[in-house]
Amino acid sequence: MQVFPGIAVSPGIAVGRLRVVDRRRINVSEYPILQEDAILEIERLEVAIADTRTELESLKSHLAETTGEDHLFFIETHLMILSDERLHSETSAIISSNLINAESALHRTLQRYREAFANIEDLYLRERINDVETVIERVLKCMSGEKTEPLPKHESRSIIAAHDITPGDMLQIDRDNVLGIITEIGGRTSHTAILARAFELPAVAGVEGLFEPVLDGAPVIIDGTAGVVVVNPDPETFQVFLNRKHHYEYLESELLKTANLPAVTLDGHEIKLRGNVEIPEEGASVLRHGGIGVGLYRTEILFMNRSKMPDEEEQFLVYRSMLEAIKPFPLTIRTLDAGGDKLLDGMEHAFEQNPVLGMRAIRLSLSMPEEFKKQLRAILRVSAEGAVRIMFPMISGLDEVRAAKELLEEVKLELKVAGVPFDKEIKVGVMIEIPAAVTVADLLAREVDFFSVGTNDLIQYTLAIDRTNEQLSNLYQPMHPAVLRSLRRIVQEAHSAGIEACLCGEMAGEPLYLPVLLGLGYDELSMGAGSLLRVKQIMRRCTRERVIQIADGCFDFATAAEVEMYLKRQITLDVAKSID
Ligand code: PEP
Ligand code: MG
C-alpha cells in the first residue's frame, strides 16, 4: 500500500482503478551546436511552435464542435503564451549565445518563466505557470516528433492520474466512467480544479511520485475532501475509506433529499438560497442542491486568460447558457469585477502601487464605456429570455451608481431603437463591499432595487486586512464588531427603503454565522452550490425568534473572539436542547 498526500481541490471519495496517463515531462538533453547551425536550431524551434499552434487550433475547433464555445478560453491562453514574444526571442537568444540545441534552450526559457512566476504574490496568477509548462511541453513534444495524445477512452471506474490534466482534457473526459482526477501539478484555483468541482468529480492535485506506468491498473482510493490518494490499499485501509465514502455519500444523499424542501425556518419564515457561479456548468449543480437561482455570477472568469476581451455576441451566448442552466430561476449577473488581483491579459492595466485600491471593478468598467456597454448590451439581450438581474461591483458612492445606470439607459435606448428585445423592468443592484457604501447605504438604497453584500471584500476593506494574505488570516474576522455593525446597518437601510438585502460573500455558506445573518434579517443568501443544503438544513431547524435573539446577543460583545465564543455556546445549547 502506498499513501500519497496532495491538495484537496474537489471534494468526494472514489474507489477505482488507477489509469496513469503518460503526460510526464519530456526528458531534455543538452548538446552543443556549431555557430553556423544556430540558425537551423532557431528554425526548428519556430517550426515546432507553428506545429503546436496548428495542433491547438484543431483541438479548439474540435472542442467547439463537441462541447461548445464556453470554455475555450484556456486554449486561447495557450495560444497567447505561444505568441509571447519572450518565448521566441529569449529562446532564440539562448540558442545563439550559448550554442546549444533548441530543446534545452526552450527548457532554460521555461526555467526563467518559473522563476518569474514564483515571485508573483497572487495565487491565481502564480498558478498560471501550469499553463506555460503545458504549452512548452507541447512544443517539446512536437520537436521530438511525439504528439500530445488526448486522454484515451476510459474503462469503467477509472481514476485518472497524470502529470497535468488540462481543462481541455476535462471537457473531453468520459464522465460516466471517470470517477476521479489526480495530478502532479495544479492547485485549487486552476481551471482544471474549477471544472472538477463544477462536474462534481473528486480531485487531488500536487501529488508526487504516483505517475509510474507500473502503477497503471492498480486499485486506488482518491479522497478529494482530505486531499489524499491511496494506491493498493490494504484491507483495513480500504475498509476505513469505504466507510468514510459511505458516510460522506450517505450525508450527501440525505442532504440531497432535502433539495426540494423550502428554505424556511421552523416558524415558516422564508429566505432565498441561491448559488454563486463562475461558469455555466455550475448551474446544474446549483439546482441539484436546491438553489433557487444564482445570486452571484462572476463574469470576470470569461474575460480571464485570453488575449482579447470577449465581444458582445460571445458574452451573450455564455450568459444565455448560464441562464438556460438555471431556468426558470433568476440569474444575477455581476458586471466585470476585474483589476486588483484579477488582472486581464487582454488589457493594458496600468502599474499600480495598490491595485486592490486601484483601477478595478466598476471604476475600470466606467473608464472604458464602450467595453462596458458591450457587457450591458449582452446582459440586457439575455434578459429578454428569462429572469435576469444586473449587479454592479465595488460601488463606493452614488456617482458611480448613477454613471453606470446612465450607460445602462443609453444601451436600453439603443436596443429599443434597434428593435432588440430586453426586460425593460430589469432589476439593478449594487454590491456593498466598501465601507463607504455602508455609510451611504441610505443614499444608495434609493437608487437601486437590491443590495448584495460582498463580505469577502467588505471584511477586507473594513479591517484593512488583505484577504489573500494567509499570514494575516487570524485578523480576517467576520464577527468583528465593525463588520457586524455594518451588516446590521446594510439590512436596516435596505429594508427602510423597501428593497431586498442579499449577501453573497463566503460568509453566507458558513454554518456558524448563519443564525446571525438570518437574525439580522437578510432576505437572500448566495453561496457555492456545495454549501446550500447544509445551510438549508440548519435554517430549517431554527425559529425566527431564536435567530433574532442570537443575532442581538452578538452586539453585547466587544471583540470578534468573544462573539465567536458566544455563537458556539448558543449552538451547543440548541443542539443539546434538540437532543433532550
Ligand atoms: C465578495 O467580495 O464578498 C464577493 C462576493 O465578491 P468576490 O469574492 O468576487 O470579490
Ligand atoms: Mg468582492
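The values are calculated or read from the model by the stated rules, or taken from the named source; none is laboratory data. Note that the structure is a prediction, hence the values are computed from the model and not measured. In this analysis, Cβ positions are derived from the backbone assuming ideal geometry, glycine residues included, and neighbour counts consider all displayed protein chains. Quick note on the areas: whole protein, heavy atoms, side chains included, nothing else; ligands and nucleic acids left out. Shrake-Rupley method; radii C 1.70, N 1.55, O 1.52, S 1.80 Å.
Descriptive notes on the structure:
- Residue match in segment 470-477 (condition: of a type in the set (Gly, Ala, Ser), surrounded by fewer than 23 Cβ atoms within 10 Å (Cβ to Cβ) and not in a helix (DSSP H, G or I)): no
- Per-region count, segment 520-539, residues open to solvent by less than 20 Å² (accessible area, probe 1.4 Å) and more than 16 Å from ligand 2 (Cβ to nearest atom): 9
- Entirely in segment 216-304, the helices (runs of 4 or more DSSP H) that have 3 or more residues that are farther than 16 Å from Leu323 by Cα and free of Cβ contacts under 8 Å to residues at least 12 places away in the same chain: 235-257
- Each residue in segment 373-384 was checked for being without any contact (Cβ under 8 Å) to a residue 60 or more places away in the chain and either in a helix (DSSP H, G or I) or within 16 Å of ligand 1 (Cβ to nearest atom) (or both), and 4 pass.
Residues are listed down the side, and each one gets a yes or a no for (1) assigned by TED's automatic domain parsing to the domain that holds Leu380; (2) at pLDDT 90 or above:
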position: Gly227; (1), (2): no, yes
position: Glu249; (1), (2): no, no
position: Asp267; (1), (2): yes, yes
position: Arg274; (1), (2): yes, yes
position: Val286; (1), (2): yes, yes
position: His289; (1), (2): yes, yes
position: Leu296; (1), (2): yes, yes
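- Residues that are in contact with a helix residue (DSSP H, G or I) (Cβ under 8 Å, 6 or more places away or on another chain) and part of a strand (DSSP E or B), drawn from segment 450-469: Phe450, Phe451, Val453
- Residue count for segment 385-396, restricted to those that are more than 16 Å from ligand 2 (Cβ to nearest atom) and either farther than 12 Å from Thr335 by Cα or not in a strand (DSSP E or B) (or both): 4
- Filter result for Ile326 (more than 26 Å from Asp84 (Cα to Cα), open to solvent by 30 Å² or more (accessible area, probe 1.4 Å) and among the β-branched types (Val, Ile, Thr)): no
- In segment 522-566, the residues that are small (Gly, Ala, Ser) and in contact with a strand residue (DSSP E or B) (Cβ under 7 Å, 6 or more places away or on another chain): Ser526, Gly528, Ala529
- Complete set of residues in segment 192-246 that are of a type in the set (A, V, I, L, M, F, W, C), touching an Asp or Glu at 6+ places or on another chain (Cβ under 7 Å) and over 30 Å from Tyr297 (Cα atoms): Val207, Phe211, Phe241
- For Leu336: the one exception among (1) open to solvent by 20 Å² or more (accessible area, probe 1.4 Å); (2) within 16 Å of ligand 1 (Cβ to nearest atom): (1)
- Matching helices (runs of 4 or more DSSP H) fully within segment 77-185 where at least 1 residues are at pLDDT 85 or above and either in contact with a strand residue (DSSP E or B) (Cβ under 8 Å, 6 or more places away or on another chain) or buried (at least 19 other Cβ atoms within 10 Å of the Cβ) (or both): 85-98, 102-118, 129-144
- In a residue-by-residue description of segment 343-355, the property of being part of a helix (DSSP H, G or I) and more than 13 Å from ligand 1 (Cβ to nearest atom) applies to at least one position.
- Residue among Asp223, Asp216 that is open to solvent by less than 60 Å² (accessible area, probe 1.4 Å) and on the phi < 0 side of the Ramachandran plot: Asp223
- On inspection, Asp399 qualifies as away from ligand 2 (no atom under 16 Å from the Cβ) and surrounded by fewer than 17 Cβ atoms within 10 Å (Cβ to Cβ).
- Applying the set (1) surrounded by 21 or more Cβ atoms within 10 Å (Cβ to Cβ); (2) within 19 Å of Phe392 (Cα to Cα); (3) modelled with pLDDT under 95 to Met507 leaves exactly one unmet item: (2).
- Hits in segment 487-516 (condition: in contact with a strand residue (DSSP E or B) (Cβ under 7 Å, 6 or more places away or on another chain) and more than 13 Å from ligand 1 (Cβ to nearest atom)): Val491, Ala494, His495, Ile499, Glu500, Ala501
- Selection within segment 479-519: residues that are within 18 Å of Glu562 (Cα to Cα) and not in a helix (DSSP H, G or I). The member of this set that is farthest from ligand 2 (Cβ to nearest atom) is Met479.
- Residue that is modelled with the highest pLDDT [pool: residues in segment 444-469 that are among the charged types (D, E, K, R) and within 16 Å of ligand 1 (Cβ to nearest atom)]: Asp457
- Some residue of segment 451-459 being farther than 21 Å from Val356 by Cα and within 14 Å of ligand 2 (Cβ to nearest atom): yes
Yes/no per residue for (1) polar (S, T, N, Q); (2) farther than 24 Å from Phe303 by Cα:
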residue	(1), (2)
Ala48	no, yes
Arg53	no, no
Leu56	no, no
His62	no, no
Met80	no, no
Arg86	no, no
Thr91	yes, yes
Asn101	yes, yes
Ser104	yes, yes
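- Residues that are within 19 Å of Leu514 (Cβ to Cβ) and under 20 Å from the mean Cα position of the chain (by Cα), drawn from segment 264-289: Leu273, Arg274, Gly275, Asn276, Val286, His289
- Screening Gly530 against (1) among the small types (Gly, Ala, Ser); (2) within 21 Å of the chain's Cα centre (by Cα); (3) modelled with pLDDT of 95 or more leaves a single unmet condition, (3).
- For first residues located in segment 361-372 and within 22 Å of Ile432 (Cα to Cα) and within 13 Å of ligand 2 (Cβ to nearest atom), partners that are assigned to a helix (DSSP H, G or I) and aliphatic (A, V, I, L, M) and lie 6+ apart or on another chain with Cβ distances below 9 Å form the pairs Ile362/Val401; Ile362/Ala403; Ile362/Ala404.
- Subset of segment 460-474 (residues that are over 13 Å from Ile395 (Cα atoms) and within 10 Å of ligand 2 (Cβ to nearest atom)): Gln460, Arg467
- Annotation for segment 336-343: at least one member residue is on the phi > 0 side of the Ramachandran plot, free of Cβ contacts under 8 Å to residues at least 40 places away in the same chain and in the same structural domain as Glu281 (by TED's automatic domain parsing).
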